[in-house]
Amino acid sequence: MNTAKIFEPEETLSSTENLDKFITMCRDELTVFGSNLPFDKNVWDLSSYIEGKGSTKRISAIFSTHKFASNEKGGTKANDKNITAMQDPFLSFAKAYFRYRFGLKSFKQPGQLLEPLRVLEQALININGKADPNTINNYVLDEAILITKTNYSQGRGYRIGATLQNIGKFLADKRLTKVAPDWKNPLKRPSDASRVGKEADDRRNKKMPSEAGLEALPEIFNKATSPYEKLVSSLIALLICAPNRINEVFLLPYDCEVAQKDTEGTEQYGLRWFPAKGAAPMIKWIIPSMADIAKEAINKIKIVTAQAREVANWYEKNPDSIYLPEKIEYVRDTVLSTKEVAYIIFGKDLADNDLERARRVASIWINNHSIPYKKDGNKLVIQFADLEKQVLGLLPDRFPYLNEEIGLKFSEALVLQMTNEYHCNKGTLMPTLSAVRMGIVDDALKNRGNMSSLFYRFGYTELDGSPIKMTSHQFRHYLNTLAQKGGLSQLDIAKWSGRVDIHQNKAYDHISANEMIEMVRDAIGNDNAMQGPLSNIDDITKKVVISRDEFARLKVRTAHVTETGVCIHDFTMTPCDHHRNCMGCTEHFCMKGDKERNDRIKKMKKDTEGFLEQAKNAQKEGYFGANRWEEYHSWFLDILTNTCDILDDPSVPDGSLIQLSNLSTVSSIDNADRRRDENSKNIQFDKENKTIDLDDMRKLLENMGGET
């Protein structure tokens, strides 16, 4: 564990001296990333300190410039020689801040901090011609935002801006700059609340899985024959059984299955789960219709990973000895031929079926791993101890733990593999282990490189013949949207999805405008799902002989989301008469259980109570027009109070639509006439001379804010 060390500036030192002191402390005194961290190198290997999610690649912190990172094509392993590093002294500050920041709160993706630092260095060069962190001020941070807006998406730009704000605050608090920055991120968090229009449809389609793919996956699950097909189709099945993240599936324990009887005596099936974003370990219950699929998927995974688990158990009990199948235990501590090396490393099939190829592959592997050998004529002779030492060095860095954070060992994990077991080009290394990562599922859901997707293997395409392409995270969006459509409460959706904050549900709600209309239509006439004048369909049918569904279609033609609910006003007929006053409109619905909007209504009620009190005080003091504000706030408070009473009523189920009845609405024209009448009453006319009383006119203009 890293022990956090807090930097405290000295008031007697200049900003430059405090900056030097901060860098020195981070270089020489911190143990974050190890006490032997090569601080002066520009590429740090952090694989032993940051556990990557869904990737087998090594994790590095690369202190390169923004231009180099933007132009880098990839494919080449970064090192001090092939990157363009940041300029000093900013380079030293960036390394110090990166190490210091990780010590306070660890993170999984170094790029989240490195990208803002690269942008900040470029901004310094653009403004000052050199990268000196001591000269960072508001102008430099504004320049960084311009670079960000040019090079990044709106969402990524907002996050970079937020990090730049944190860096600016740190520099100011620790007195590391000549002029303390007082700067806030000007970029706004992008909103995707709109459900209407082509942009909303494109955003929704991008996050939702293909219908053709959803129809094909059950058949692929049943048709799978090879270990690879069984594994990936089963992993995908678990993603569809509940709204899981793919990296959470890879952290399922071997004994993850749970069966318990509910209060009615019915047995329920669930899986023990480790949520990835902060929620506590939990049992995620599977809906009964998917329970058998989940059981079958778990069983298939256990079968195809059995040998890898056997290897893991061996090394946990024998950490200093190489794993050997029982049939070749006799070679231990002997001299080995290339055939025997092939048997140990690649398995019996290669060694027995193609002896010449086995010897050739073994020779290449021996040379690639620098294993000492001797020649006996044309044959290679290898000491068993030399081979054993090399193979033991190939075990994962954290072995026996697959994930130290949750204490999960390889032998206890449901999903694991022997190294390269499912690689399309490389042979399986039988006596070694590695974690299964999300790339294997990505390859199964869409064609990538030399890997053919499951859809391609089994002959499934989109209706137009194009390849089916999906991502593992789309299933999570899909199931969350189904839950929203089904009226599941926001708290239940958050728990089901393994979230710590119900406000995160919003990003996974992709109900379209048409689907929202259908939800409102379905609720009309249902006493359990509707509160308001449309709740009693019997009253409607007495006047109009029409079916409930037909009436709903006529009454609700369109819908859109508001800050507090859903509006069904048809803008093709008339403009809105109640702009920004949705709660006072008969065409507006609130949905109980929508916590974010329900909280907004309750806050609105609290604010209105304060406004009403102010209006009453203003009227007592004789302010012109205060009587109208008192009347309006009283009317609006009644609406909010009635709405909140229903929201707090435990007999009204979550998902119910609330429409208040008996609203006394007044049009904008009527309000204008009323204001004109009130104004005219305050102007007194002399009946004989027909002239205006100038004193009253002066008072009126003063009250209205005019000039006399």
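Descriptive notes on the structure:
- Subset of the range 436-449 (residues that are in contact with a strand residue (DSSP E or B) (Cβ under 6 Å, 6 or more places away or on another chain) and over 17 Å from Ala224 (Cα atoms)): Val436
- Hits in the range 620-647 (condition: without any contact (Cβ under 8 Å) to a residue 12 or more places away in the chain and either of a type in the set (Gly, Ala, Ser) or not assigned by TED's automatic domain parsing to the domain that holds Cys590 (or both)): Gly622, Ala626
- One residue alone among Asp654, Asp645 is at negative phi, of a type outside the set (Gly, Ala, Ser) and part of a helix (DSSP H, G or I), and that residue is Asp645.
- Subset of the range 324-333 (residues that are loosely packed, with under 12 Cβ neighbours inside 10 Å and not in a helix (DSSP H, G or I)): Asp333
- Qualifying residue in the range 289-296 (condition: in contact with a Leu (Cβ under 6 Å, 6 or more places away or on another chain), assigned by TED's automatic domain parsing to the domain that holds Leu479, farther than 30 Å from Leu387 by Cβ and touching a residue at least 24 places away in the same chain (Cβ under 8 Å)): no
- Hits in the range 370-380 (condition: in contact (Cβ under 8 Å) with a residue 24 or more places away in the chain and either loosely packed, with under 13 Cβ neighbours inside 10 Å or not aliphatic (A, V, I, L, M) (or both)): Lys379
- Of all residues in the range 620-631, exactly one satisfies the criterion of being modelled with pLDDT under 85, in a helix (DSSP H, G or I) and surrounded by 16 or more Cβ atoms within 10 Å (Cβ to Cβ), namely Ala626.
- Qualifying residue in the range 546-558 (condition: modelled with pLDDT of 80 or more and in a loop (DSSP other than H, G, I, E, B)): no
- Taking every residue in the range 441-461 that is in the same structural domain as Leu239 (by TED's automatic domain parsing) and pairing it with any residue that is of a type in the set (D, E, K, R) and part of a loop (DSSP other than H, G, I, E, B), at least 6 positions away or on another chain, the pairs with Cβ-Cβ distances below 6 Å are Lys446/Lys469; Ser453/Lys446.
- One residue from Ala306, Ala259, Ala297 being in contact with a Ser or Thr (Cβ under 6 Å, 6 or more places away or on another chain) and of a type in the set (A, V, I, L, M): Ala297
- Selection from the range 246-265 of residues that are at pLDDT 85 or above and polar (S, T, N, Q): Gln260
- Residue count, the range 417-432 (criterion: touching a residue at least 40 places away in the same chain (Cβ under 8 Å) and on the phi > 0 side of the Ramachandran plot): 0
The values are calculated or read from the model by the stated rules, or taken from the named source; none is laboratory data. From a predicted model like this one, the values you see are computed outputs, not experimental measurements. Here the Cβ is made from the backbone with ideal geometry for all residues, glycine too, and neighbour counts use every protein chain on show.
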